[in-house]
Amino acid sequence: MRYLDKDIKEIHELLVSKKICPLDLVNEALELIEKNKDLNCFITVDKENAIEMANRLGEMEVDKDNLLFGIPIAIKDNIVTKGLRTTCASRMLDNFIPIYDACVVEKIKELNMIIIGKTNMDEFAMGSTSRTSYYKAPLNPWNKKMISGGSSGGSAVAVGARLVPLALGSDTGGSIRQPASYCGIVGMKPTYGRVSRFGLVAFASSLDQIGPMTKNVYENALLLNAIVGRDERDLTSSDKEKEDFTRLIGEDISGMRVAIPTYFISDIVEKEIKDKFNELKETLKKKNVIIDLVDIKYLENAVTLYQIIAMGEASSNLARFDGIRYGYSTPNPTDIDQLYLKTRREGFGNEVKRRIMVGSYLLSGENAQLYYNKALKIRDDMKKELMKVFEKYDLIIGPTTTTTAYSLDSDLDNPLKSYMDDVLVIPVNMAGLPAISIPIGFSNSKMPIGMHIIGKPFSEATIYKFASFIEKELNLDLNPERGDKDE
Amino acid sequence: MSNYIPTIGIEVHVELKTNTKIFSNAINGYGMGANTLTNVIDLGYPGTLPTINKEVIRQAIKAATVLNCEIRKDMHFDRKNYFYPDNPKNYQITQFNTPIGHDGYVLIEVDGVEKKIEIEEMHIEEDTCKSAHRGNVTLLDFNRAGVPLIEIVTKPCISSSEEAKLYIEKLREILLYAGISDCKMEEGSMRCDANVSIRPKESAPYGTKVEIKNIGSISNVGLSIQKEIMRQEKIYNNNETITPQTRRFDSKLNDTVLMRVKETGNDYRYFPEPDIPFIHLTDEDIREATKDIPMLPDERRKIYINKGITRVNSDKIINHREMSDFLNSFIESDLDFVVASNLLLGDIASYLNKTNKMLKDTLLSKEKFVVLVEKVKDNKLTSKNVKDIIEDIMEKDLTIDDIIEEKGITNITDNSIIESIVDKIIEDNMESVEDYKNGHDRSIKYLMGQIMKETKGQAEPRITMQLLKEKLDSLK
């Protein structure tokens, strides 16, 4: 009997009726993780603490109002966990054991969820294939020769392969939505400020956001409920009041106005994906959803802006890794300069170094005015353009990615190619908007295709309503191993 | 006299007096065990974010106000990126583009002439940690990391080491009075860097700038600049060139010594701090922050001098903040400020020193002080009387009259009584009277002493002296 493939509501009922206990869930997750070790989606599995926690919860009364009670969850390895190794998939933090919990981890613990382990990712979240990980890339559960996407690849694989029902990722330029799309799961990047970044190891502070990665839309909203809220420790976190993100799920979507940016269905997108998306468009039209094509300025500049802003900020954010206070430190440096140089040369991987160098250059001397400050201005303009669309439309939709997951063997040393993976998802980060990726079908080679639904700031509930409608309409079987396993 | 004109600009870092640090809630304290006042934010731990201590913004608004600066209402923080072991994040959060204060000034008095030392800008930033070098290792104390600082930068408008010293003294006095910092240079809560250059004449372009870092005391401010000017003059006189460099003052050598030659184009890669939203100060914020600024030293000095206190004594009182505040509470009354200041700086100050007390620890009330001043002014109490009863005044919950009665002080102020005693002493000491007649002025002191002995010190000295003199002169 497998429990973790069931909906959380079902699992919760089994827990409440004492048919199972949290330890059953933990044991199943640990077994599955062990059995699927080749997927390489976990960097650290916290077996001992997970079992201990499950035992502790087993002695408690199940909280009937808390659907997340006793549910195993995986956490991306750039979110710090007290006493549990947090590597950012970097040699630099290979031995790093944090002394505090991230805000989201505190919330997860308060709700008595069980942290199973820390998931694989691109080093410091820099990449879109998870291949820059110091611990090697995770494999796509739909085809192990393919990439998982990134940077939250490990979380996407863990949920996609049904090893855990829930995971947290982080999204700076598509890092939740793109791997969610590649692995056939639901991934939400909330509005910038919705979720506290306290305890998220910073990549690009003005873009980073933590979000839920789940099997389905309802559970995604449920997990978002658990992690949002003003945090006094993060000045960029919003003081929006708590709301139930599941509240609009199931409501009728007819009459909703939806915009499709022409750029999102231009030639940059593979035909297979466009076809699938157009199919869905017709379905929506039949449901009386009003759909218009719109031209949105600056979308094609998003990747360039992203590179300037993200790399500029990253070069500064990653300066703290110097071998003095924590993390990797080169043995026997002759002087302070050697300590810096060798620690960072040996501790960081190539992609991280590339981005630090580009970022430092972009902020250097006159360049700061020429590039960074100018990028911030264009970014504001881009946000205004997008907000204009929301004056007329409830949502913006399109495909999440231009291709489906591609081969693990493809050229890693072509950064421009992998930056292009994110052209459709990056504008959302630039404008701080909420957006989700949900599966809408498969390619001919049986790889998942994702759809992107973007809302105005703090309209997550509306996004979930729309996404849930599509999910129900399509009713896809999203378990990559269906048929191979006993039911 | 030198043939060169010095140009000096001064940067002062002042630690703000706040309970907690600027970007974390760790305690802002001095003198505690190393690394006991620190947390994950101060350590630059991965995943941590800065918060803003509102008290820092309040204090900075106050500082900008007392330094006569314009306040920038729309401001933000910037990151200054550089690698150094005392810089935990390897960037310092500071204000580069939008310093909270700009275009201010401090007034100093050079040889009786007022001069405006112009302040270019004043900004908020975080302190670094303290490093201690032991042999070939460096130890880091993060207690100081994240302590709030304001940096005050003058225009290059200071033209002598004396002016520089006066500026620092004045700045310190103002910041102390406004309660912004405790300004202890020896503890590092006030630190001073000076940029010094010289040129042959006013019309010549500015000379090469040399920075003197971390000057550790007020007297060394003047001294180090003076020595640096002399050093530069020597170089010019030898037709050599000055290289841009950073030096420090070595008080043992009594001279500045080279720290490092300045690298050209130091590139700090400034950019706006993305973790702290931009700040907008409202008029209300500014009103609120400045409402409790007390009367500043310059105004106090003006009032004291107007009320007849000497410049020297005015300065002495201003140096003693509590005394000055006490005296200020009588500004609206017609209290004799000269007598009052003499009492404060005299017997009261020595009592406080001896007992190591503050005024507030004593039982000297405003009412008691007024009576004391009146009695001294009206010659009802002699300075000797005051000395005799000062302890009782400060320590007993009794009125001045009660104390006088208790001590049995009865001063002879009746002219006829004193006259008769004077006559008696003259009669008994004709030799001294002769000496006086022969021009030995000192003998009058002897005669005074005899009178005091006779009256057990109760004869009012001013009246007695006057009568004695009259009598002696009439005998001439």
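Structure notes:
- Its Kirkwood hydrodynamic radius, worked out from the mean inverse distance over all distinct Cα pairs, puts the range B:5-285 at 19.8 Å.
- Shown for chain A are the DSSP H helices of 27 Å or more along their axis, judged by Cα atoms, with a mean Kyte-Doolittle hydropathy of at least -1.0: A:374-392.
- Debye-formula intensities of the range B:320-385, expressed as log10 I(q)/I(0) at q = 0.16, 0.17, 0.18 Å⁻¹, are -0.51, -0.58, -0.65 (one equal scatterer per alpha-carbon, no solvent).
- Mean separation of Cα contacts under 8 Å (6+ apart) over length of the range B:415-475, as relative contact order %: 39 percent
- Building the convex hull from the alpha-carbon atoms of the range A:1-481 and averaging its projection over directions returns 21.7 nm².
- For chain A, a simple Cβ point-charge model (Lys and Arg +1, Asp and Glu -1, everything else neutral) yields a dipole of about 580 debye relative to the Cα centre.
- As a length-normalised measure over Cα pairs under 8 Å and 6 or more apart, the relative contact order of chain A settles at 17 percent.
- Prolate/oblate/rounded label for the range A:1-64 (Cα gyration tensor, a/c 1.5): oblate
- Projected-area mean, the range B:222-308, by convex hull of Cα positions, square nanometres: 13.3 nm²
- With 0.36 nm allotted per residue and the present C-alpha distance subtracted, the B:Glu470-B:Thr208 stretch has 87.3 nm of extension available.
- The range B:384-476 - Kirkwood radius from inverse mean 1/r over Cα pairs (Å): 14.5 Å
- Taking the C-alpha atoms only, the angle from helix B:461-475 to the longest principal axis of chain B is near 50 degrees.
- Intensity falloff of the range A:228-287 expressed as log10 I(q)/I(0), Debye formula with alpha-carbon point scatterers, at q = 0.13, 0.23, 0.26, 0.27 Å⁻¹: -0.67, -0.93, -1.07, -1.12
- When each of the peptides B:3-16, B:64-77, B:241-254 is scored by the mean number of other C-beta atoms lying within 10 Å of its residues, the order from highest to lowest reads B:3-16, B:64-77, B:241-254.
- Cβ crowding within 10 Å averaged over residues, with B:321-330, B:51-60 ranked highest first: B:51-60, B:321-330
- log10 of Debye I(q)/I(0), alpha-carbon scatterers only, for the range B:29-152 at 0.09, 0.13, 0.22 Å⁻¹: -0.34, -0.64, -1.22
- Electrostatic dipole magnitude of the range A:220-335 [Cβ: Lys, Arg +1; Asp, Glu -1; Cα centre; debye, to 20]: 240 debye
- Couplings 3J(HN,Hα) of the range B:18-23, computed from phi: 10, 6, 10, 6, 6, 10 Hz, in residue order, whole Hz [Karplus 6.51 cos²θ - 1.76 cosθ + 1.60, θ = phi - 60°; x for Gly and Pro].
- Proximal charge balance of B:Met448 [Cβ under 13 Å; K/R count +1, D/E count -1]: +4
- Looking at the protein assembly as shown, the DSSP beta bridges with both ends there are about 80 percent antiparallel.
- Angstrom value of the Kirkwood radius, inverse mean 1/r, which spans all Cα pairs in the range B:297-407: 14.2 Å
- Applying the Karplus relation 6.51 cos²θ - 1.76 cosθ + 1.60 with θ = phi - 60° to the range B:199-215 yields 3J(HN,Hα) values of 9, x, 8, 3, 7, 6, x, 4, x, 6, 7, 10, 9, 9, 9, 6, 6 Hz, where x marks Gly and Pro.
- Under 5 Å, built H, 5+ apart or other chain: amide partners of A:Gly441: A:Ile449
- MRE, 222 nm, helices only [DSSP H, n ≥ 4, -39500 (n - 2.57), over chain A, to nearest 500]: -11000 deg cm²/dmol
- Semi-axis lengths, largest first, of the ellipsoid equivalent to chain B are 57, 29, 20 Å, with √(5λ) applied to each eigenvalue of the Cα gyration tensor.
- Using the Karplus relation 6.51 cos²θ - 1.76 cosθ + 1.60 with θ = phi - 60°, the per-residue 3J(HN,Hα) values for the range B:452-459 come to 5, 4, 4, 9, 6, x, 8, 6 Hz, with x marking Gly and Pro.
- Distant-in-sequence amide contacts of A:Val228, defined by a placed amide H-H separation under 5 Å and a gap of 5 or more residues or a different chain, comprise nothing.
- The value of relative contact order for chain B, using C-alpha pairs under 8 Å at least six residues apart, is 14 percent.
- Pairwise Cα distances in the protein assembly as shown exceed 47 Å in 45 percent of cases.
Throughout, read-outs are computed from the coordinates displayed, never taken from laboratory work. Since the model is a prediction, treat every value here as computed from it, not as a measurement. Quick reminder, even Gly has a Cβ in these numbers, built from the backbone with ideal geometry, and neighbours come from all protein chains shown.
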